[in-house]
Protein chains: 4
Amino acid sequence: MTSVPFTMRRTVKWGETDPAGIVYTARFLDYTVEAVEAWFTEIVGIDWYRLKAEMGLGSPMAHASLDFRKPLFPAEEFTVEVWVMEVGRAATTFKILGRNLAREICFEGKLVSVIIDAERIKARTMPDDFRARIEAYRQACAALETTPPA
Amino acid sequence: MTSVPFTMRRTVKWGETDPAGIVYTARFLDYTVEAVEAWFTEIVGIDWYRLKAEMGLGSPMAHASLDFRKPLFPAEEFTVEVWVMEVGRAATTFKILGRNLAREICFEGKLVSVIIDAERIKARTMPDDFRARIEAYRQACAALETTPPA
Amino acid sequence: MTSVPFTMRRTVKWGETDPAGIVYTARFLDYTVEAVEAWFTEIVGIDWYRLKAEMGLGSPMAHASLDFRKPLFPAEEFTVEVWVMEVGRAATTFKILGRNLAREICFEGKLVSVIIDAERIKARTMPDDFRARIEAYRQACAALETTPPA
Amino acid sequence: MTSVPFTMRRTVKWGETDPAGIVYTARFLDYTVEAVEAWFTEIVGIDWYRLKAEMGLGSPMAHASLDFRKPLFPAEEFTVEVWVMEVGRAATTFKILGRNLAREICFEGKLVSVIIDAERIKARTMPDDFRARIEAYRQACAALETTPPA
């Protein structure tokens, strides 16, 4: 099984940084959503595109928040961890931790995604197998001693 | 004087939207930060680049949050309003409202920016003239009957 | 009628620039394609989203090239001109000129777009009314004394 | 030594694709420049940020061109190959090949980068050790039977 928490490893690209020589604010939401996208493919077992094309579903975000703790610099390596904190009828609540190589938290986020009917763009109960996998992942997160505070 | 709230008018670009045919999640933080950037230039009276080059200061974000209420579609026109809710020693707290042409709120955000010493990347008391302009703007926001809830 | 050449006016955003303090290379293709997108809506009379949703067509690019002449800086105002150089069975060839406020050419590009059947992603003859409008625009470009060299 | 050609492996992200369900035109220039950025760090031995901070140099692009052969879809894996075709006094000419997993060429590009004095934003002769490494890489490319046509 996937190791928990699911962790995306990245290197800051030149084009993601600004004249202050640090990652531009809005790019952190790209990092955060892209980590959840990769998590979804791995844990739920289907990518967002097939989710729409084959199942007529979508997984958009209802909420996003980010706290910026320390800057990230061009060419710096960092990781983005995806923790599941809650699983609801249609919604999944994520905690996201971005760390530099010294393991310091550089940014910290929360995302809430919702399973929708793609055609109607309306929330709906998530499929049972999705819930089973996401709930198993949440429990694996909760079992870790280092689970981040909600 | 600038009309209050400061409002940026935009049209959704094709490249900002995803295969679901709606604006991609992370682009909303671009919209939000770009609105505050334009607000800063107009209200504080200096753009972020000259702020760094001429004054050795920066105005990065410490926090961002977004609630997604209704989707925006390619080629759709929308507006982004910038409201100032609080002015602190170094920090300014913004409320951001994104509306479609029917004036429905499509997204709603909060940003907290901090004036920093650009070299040391450390918060510092904002210059008095910045505070005066931002505080005047905040009061103009507060005076409106339609001020959004904090 | 639209004045010729169709011209998009922009201001360089902080997030479009890099640690060298100038617009990041890849953003110039965003500027270029976005100018052609806006041109298409205005001249052909339908936006790319309705083009797909209502007509089952698309207008992707087959080719793009860019020459970078002078840097653009954060907060700098510039314009992007869209010239049509050739109209084929399915293809339209554009010349793009990016100028700073001193009217110096900062970047110069060429785009070739192709009308496709959106479902099959295959080129097809463009509708007659599209051709009529694009050809009229091309002639208006050619009639200008200042037409850029092909 | 690095295997030749230097090859970046990627997966198309949801946010890089558009309502046509394929990668958005402008993102291909991001892919192309990011591949050259990674190549530079590995082959020249210094990243673009340290290049500026420690050596006072830059490596911006003077030219970019792209031909789009086949679409890339969300979640599709692909590779970007970086070939060096020419090394001049200040300039390096790259051929870029983007391939899907079936090894079909999806996009093909050319980039010309120039070593500049970062402060003056003017071209200058590249350092000898840069040239030695880039020229060795070019020869390794040329020695391959499968070298792409210039």
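Taking only C-alpha pairs under 8 Å that are 6+ residues apart, what is the relative contact order of chain D in percent? Reported relative contact order: 26 percent. Using R₀ = 60 Å, calculate the FRET efficiency as 1/(1 + (r/R₀)^6) where r is the Cβ-Cβ separation of A:Thr146 and C:Glu145; round to 0.05. Efficiency computed from Cβ-Cβ geometry: 0.30. A simple charge model with +1 on the Cβ of Lys and Arg, -1 on the Cβ of Asp and Glu and nothing else charged puts the dipole of the protein assembly as shown at about 0 debye relative to its Cα centre.
The order of C:Met55, A:Met61, going from fewest to most other C-beta atoms within 10 Å of their C-beta, is C:Met55, A:Met61. In region C:1-119, the C-alpha radius of gyration followed by the widest Cα-Cα span (Dmax) gives 14.9, 45 angstrom. Rounded is the label for the protein assembly as shown, because the ratio a/c of its alpha-carbon gyration tensor axes (a ≥ b ≥ c) stays below 1.5. Here is the list for region C:90-121: trypsin sites (Lys or Arg not before Pro) lying in DSSP coil, each with at most 13 other C-beta atoms within 10 angstrom of its C-beta, are C:Arg103, C:Arg120. Using only Cα atoms, find the angle between the long axis of helix B:27-43 and the longest principal axis of chain B, and express it within 0 to 90 degrees, rounded to the nearest 10. The helix B:27-43 is inclined about 40 degrees to chain B. The ranking of A:Thr25, D:Thr2 from fewest to most other beta carbons within 10 Å of each one's beta carbon is D:Thr2, A:Thr25.
For region D:66-150, GluC sites (Glu not before Pro) meeting the loop criterion (DSSP other than H, G, I, E, B) and having at most 16 other Cβ atoms within 10 Å: D:Glu104, D:Glu119, D:Glu145. Restricting attention to chain D, the count of lysine pairs at 8 or more positions apart or across chains with alpha carbons under 27 Å apart stands at 11.
Taking the Cα centre of region B:44-136 as reference, the dipole from Cβ charges on Lys and Arg (+1) and Asp and Glu (-1) amounts to some 220 debye. Shielding value for A:63-69 is 6, the average number of Cβ atoms from other chains within 10 Å of each residue's Cβ. Label positions at D:Thr7 and C:Ile105, each projected 7 Å from the Cα along the C-beta direction, are separated by 3.9 nm. For A:Arg133 and C:Glu54, the FRET efficiency from 1/(1 + (r/R0)^6), where r spans their Cβ atoms and R0 equals 30 Å, is about 0.20.
Rule-based calculations on the coordinates, nothing more; no lab input. Fair warning: this is a prediction, and the values are worked out from it, not measured in the lab. With ideal geometry, Cβ positions are generated from the backbone for all residues, glycine too; neighbour counts draw on all protein chains shown.
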